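> Handing you this structure, nothing more for now.
Any read-out appearing in this document is the output of simple, stated calculations on the displayed coordinates, not a laboratory observation. None of these values were measured; they are calculated from a predicted model. Positions of Cβ are generated from backbone atoms using ideal geometry, with glycine treated the same way; all protein chains shown enter the neighbour counts.
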Amino acid sequence: MKVKLIPLGCKIANLALMKISAWHKSLGDTVSLDEPDPDKVYVSSPFSKFKGTDYTHIFPDAQIEYGGYGLNNRMLPSNIEHIMPDYLIFDCEHSMGYTTRGCIRTCQKPPCIVPQMEGRIYRNSPIEEFHNTEHKTVELLDNNILADKEWFFKNTDYILENKLVLKEHGFDIRLIDDEIAERISLLKFEKQIHFALDTLFDISAELKLLKIHGIKPYRLMFYLYEKDDFTDLYQRFEYIIQSGCDPFIMPDQKATRVVKQFARYVNKRIYKVCLWKDYHRGK
């Protein structure tokens, strides 16, 4: 069987397609991103703007399956979910996966689909299930890895024992305690350590704990999502920079013009050399 994979809008390697590729190759099938005459096609995207995508007119003789949060609520079957991904299909030079699925939160800003899609937090896979031992970096895509503290420690034991570099999807600042702060201080991160602050609340105690364990504020980056409440966004931005941390704006796909302008201003670090009122006046 000839299999074609189509990732839509993905800036990073598509994990589901890498697992599908590994499964088909284990069956002796050929898998490609550019197969012109496939017997089967898999289309995957995490972005809802691709919902309704139809490839039947392009591959009328192929069996086509669609998946990913952006397209539908289909999950991989267990035998594919727990297979070692085929990292070569996307030339991916680091390992990635979910040690947990689901989340303990029901965030409304933005309205999060994780509780609906995956439910409450549960253990999915130990890192060794998806870590290619040739890779020195592992990326954890968990939605809230700190929500299962025991599992977090077990998996970071593996990271420390194997001297791996960690890329993380983001930690929940509200779950930082003394033990977790100490464990984070022992880990080697690829870049900064990431958190989110989509609503304004006091994080001074958590920042203090991290600092006690040697993690200075400049090592922390906070993602700030917004669609249309610029005043609230600006307050969160100011709070983060006054705390000595780095902000990064995540504008909604349908964000207002001023939110998108502010995202450029912040993410390109223009705020370090120019006041917002001066930058915005020129727009």
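> Return a whole-number percent for the relative contact order of the chain, with Cα pairs under 8 Å and 6 or more residues apart as the contact set.
Values: 479 pairs, mean separation 30.6, N = 283.
The normalised contact order for the chain reaches 11 percent.
> With 21 Å as the cut-off, how large is the P(r) tail for the stretch 1-86, expressed as percent of Cα-Cα pairs? Present the calculation step by step, with values, prior to reporting the outcome.
Values: 903 of 3655 pairs.
Value for the stretch 1-86: 25 percent of Cα pairs lie more than 21 Å apart.
> Using a 10 Å cut-off on Cβ atoms, rank the peptides 270-281, 81-92, 157-168 from the highest mean neighbour count down.
On the way: 270-281: 11.5, 81-92: 17.7, 157-168: 15.1.
Ranked by mean Cβ neighbours within 10 Å, highest first: 81-92, 157-168, 270-281.
> Here's a follow-up. Can you tell me the alpha carbon radius of gyration of the chain divided by the globular rule-of-thumb value 2.2 N^0.38 Å? Don't skip to the answer; put the middle values down first.
On the way: Rg = 20.7 Å, N = 283, 2.2 N^0.38 = 18.8 Å.
That ratio works out to 1.10.
> Further question on the same structure: Place a point 7 Å from Cα of L187 in the direction of its Cβ. Which residues in the stretch 156-172 have their backbone N less than 12 Å from it?
In the stretch 156-172, the label zone of L187 (backbone N under 12 Å from the point 7 Å along Cα→Cβ) covers 156-160, 164-172.
> If packing is taken as the average number of other Cβ atoms within 10 Å across a peptide's residues, how do 251-260, 221-230 rank, most packed first? Working shown, then result.
Working: 251-260: 14.3, 221-230: 18.1.
Output ranking for 251-260, 221-230: 221-230, 251-260.
> While we're on this one: Given contacts defined as C-alpha pairs under 8 Å and at least six residues apart, what's the relative contact order of the stretch 189-283, whole-number percent?
Values: 110 pairs, mean separation 23.0, N = 95.
It comes to 24 percent, rounded to a whole number.
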